[in-house]
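Visitor: Following this message is one structure expressed as structure tokens.
The values are calculated or read from the model by the stated rules, or taken from the named source; none is laboratory data. Keep in mind that what you see is a predicted model, and the values were worked out from it rather than measured. A quick note on method: Cβ atoms are made from the backbone with ideal geometry, for glycine too, and the neighbour counts reach across all protein chains shown.
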Amino acid sequence: MTARHPDIHATRLTPQMRGVLERMARAGRPPLHTLSPQEARAAYELGAGILEVPRAELARAEQLPIPARDGALLGARLVAPDTAPGLPVLLYLHGGGFTIGSSATHDTLCRELARLAGCAVLSLDYRLAPEHRFPTASNDAWDALAWLARHAGELGLDGTRLAVGGDSAGGTLAAVNAILARAAGLPLALQVLFYPGCAAHQDTPSHTRFAHGPILDAAAIDWFFNHYVSDRAEREDWRFAPLLAPDVEGVAPAWIGLAECDPLVDEGIDYADKLRLAGVPVQLEIYRGVAHEFIKMGRAIPEARTAHADAAAALRAAFQLA
């Protein structure tokens, strides 16, 4: 049975979440969707670390080039808590509506997951819209995972213990990667999905309930997606909307972490239900009283730190780490 979000009048943001929103309002910065994509990327980059937990200093941090199918070289950032050979590895795909964000904006988060889980994390700079529209981001994500599976040993990593993860649009890409990996016979230990986008159309009750935010609102979602997908056929391609995938039987087990006060919460629950109905093991966590993007607010939002620890625990279990 699917649990649905309570009515907006019963919803209560935590005091810490309310405090963050009040500080954001006082700052008076223009909404990202009122800027050009280039301006929005720069603004997001500037603000990305303000509310993060302290950046973990790790034993290994390096930049890697990863070839895409069309010959482009994609940037990627590999971090690991130690230099011992044979660490399992998580491919991480950052959020940002397919339009903003980078391995740099999500570096602190990836370092925290690496530190807590005891695994390596490879964060990909897939190409962004509108310069690179659908399905480029999806293709780049899959090319990176397939490359990692082939070359993990050369990097001193364990290519038999792979996972994929991401937040928001990156969660979409991670879910798609898990389906593609199943089809290719590439075993994954886990898919880690922080508030993933899963639906073709923004028509669930939570999209109506949170059409004006907090953090993510309908205007921003439209702005992001209109840069990435061109028409209804692309919106209804399962590589954009994994809820429409015809078959998810046999995909990797999933850990799904959702924000209660988020337009995407209902489609995240729906995707968890879809996986469970197909016999896929799913651990679903809904963090109460917080909004989209909360996992990057660990300095202010205790639920972010809880989510980091929960996802890391799931990775440790999937990777069979002590």
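Visitor: For the range 286-312, what are the residues that are within 26 Å of PRO187 (Cβ to Cβ) and free of Cβ contacts under 8 Å to residues at least 60 places away in the same chain? Explain how you work it out, then say what you get.
Guide: Of the range 286-312, the ones within 26 Å of PRO187 (Cβ to Cβ) are 307-312.
ASP310 - this is the single residue of the range 286-312 that is within 26 Å of PRO187 (Cβ to Cβ) and free of Cβ contacts under 8 Å to residues at least 60 places away in the same chain.
Visitor: Return only the number of the condition from (1) surrounded by fewer than 18 Cβ atoms within 10 Å (Cβ to Cβ); (2) on the phi < 0 side of the Ramachandran plot that GLY250 does not satisfy.
Guide: (2)
Visitor: Given the criterion surrounded by fewer than 23 Cβ atoms within 10 Å (Cβ to Cβ), under 19 Å from GLY171 (Cβ atoms) and not polar (S, T, N, Q), identify the matching residue among ALA76, ALA84.
Guide: Numbers: ALA84 fails: under 19 Å from GLY171 (Cβ atoms).
Only one candidate qualifies: ALA76.
Visitor: Whether any residue in the range 244-255 is within 13 Å of ALA200 (Cα to Cα) and either touching a residue at least 24 places away in the same chain (Cβ under 8 Å) or aromatic (Phe, Trp, Tyr) (or both) is what I want to check.
Guide: Checked against the condition, which is being within 13 Å of ALA200 (Cα to Cα) and either touching a residue at least 24 places away in the same chain (Cβ under 8 Å) or aromatic (Phe, Trp, Tyr) (or both), the range 244-255 yields at least one hit.
Visitor: If you don't mind, there's one more thing I want to ask. Every residue in the range 37-75 that is at pLDDT 95 or above, in contact with a Ser or Thr (Cβ under 8 Å, 6 or more places away or on another chain), closer than 26 Å to TRP223 by Cα and of a type in the set (A, V, I, L, M), please.
Guide: Within the range 37-75, just ALA40 meets the criteria.
Visitor: Can you find a residue in the range 244-252 that is under 23 Å from LEU113 (Cα atoms), outside any strand (DSSP E or B) and not aromatic (Phe, Trp, Tyr)? Outline the logic, then answer.
Guide: Of the range 244-252, the ones under 23 Å from LEU113 (Cα atoms) are 251-252.
Still in the list and also outside any strand (DSSP E or B): 251-252.
From what's left, not aromatic (Phe, Trp, Tyr): 251-252.
Scanning the range 244-252 turns up at least one residue that is under 23 Å from LEU113 (Cα atoms), outside any strand (DSSP E or B) and not aromatic (Phe, Trp, Tyr).
Visitor: Pull up the range 1-16, narrow it to residues that are among the hydrophobic types (A, V, I, L, M, F, W, C) and touching a helix residue (DSSP H, G or I) at 6+ places or on another chain (Cβ under 7 Å), then point me to the one that is modelled with the lowest pLDDT.
Guide: Per the stated criteria, the residue is ALA3.
Visitor: Select, from LEU155, LEU193, LEU180, the only residue that is buried (at least 24 other Cβ atoms within 10 Å of the Cβ) and either within 30 Å of MET17 (Cβ to Cβ) or modelled with pLDDT of 95 or more (or both). First the steps, then the outcome.
Guide: Details: LEU155 fails: buried (at least 24 other Cβ atoms within 10 Å of the Cβ); LEU180 fails: buried (at least 24 other Cβ atoms within 10 Å of the Cβ).
On inspection, the qualifying residue turns out to be LEU193.
Visitor: For the range 175-196, give me each residue that is under 15 Å from ALA241 (Cα atoms) and either hydroxyl-bearing (Ser, Thr, Tyr) or in contact with a Phe, Trp or Tyr (Cβ under 8 Å, 6 or more places away or on another chain) (or both). Outline the logic, then answer.
Guide: First, pick out the residues of the range 175-196 that are under 15 Å from ALA241 (Cα atoms): 175-180, 193, 195-196.
Matches in the range 175-196: ALA175, VAL176, ASN177, ILE179, LEU180, LEU193, TYR195, PRO196.
Visitor: Now for a separate question. Out of all the residues in the range 53-72, which are of a type in the set (A, V, I, L, M, F, W, C) and under 17 Å from ALA117 (Cβ atoms)?
Guide: VAL53, ALA56, LEU58, ALA59, ALA61
Visitor: Of all residues in the range 262-298, count the ones that are within 22 Å of VAL53 (Cα to Cα) and among the small types (Gly, Ala, Ser).
Guide: Of the residues in the range 262-298, 3 are within 22 Å of VAL53 (Cα to Cα) and among the small types (Gly, Ala, Ser).
Visitor: Inside the range 122-235, counting only helices (runs of 4 or more DSSP H) that do not spill past its ends, which hold 3 or more residues that are among the β-branched types (Val, Ile, Thr) and in contact (Cβ under 8 Å) with a residue 60 or more places away in the chain?
Guide: 169-184
Visitor: Is there any pair with a first residue in the range 264-285 that is surrounded by fewer than 18 Cβ atoms within 10 Å (Cβ to Cβ) and a second that is among the polar types (S, T, N, Q) whose Cβ atoms are under 6 Å apart and which are 6 or more apart or on different chains, and what are they?
Guide: ASP273/THR2
Visitor: Okay, next question. Take the residues in the range 46-60 that are over 17 Å from GLY298 (Cα atoms) and in contact (Cβ under 8 Å) with a residue 40 or more places away in the chain, then tell me which one is surrounded by the fewest Cβ atoms within 10 Å (Cβ to Cβ).
Guide: Checking each candidate, the answer is ARG60.
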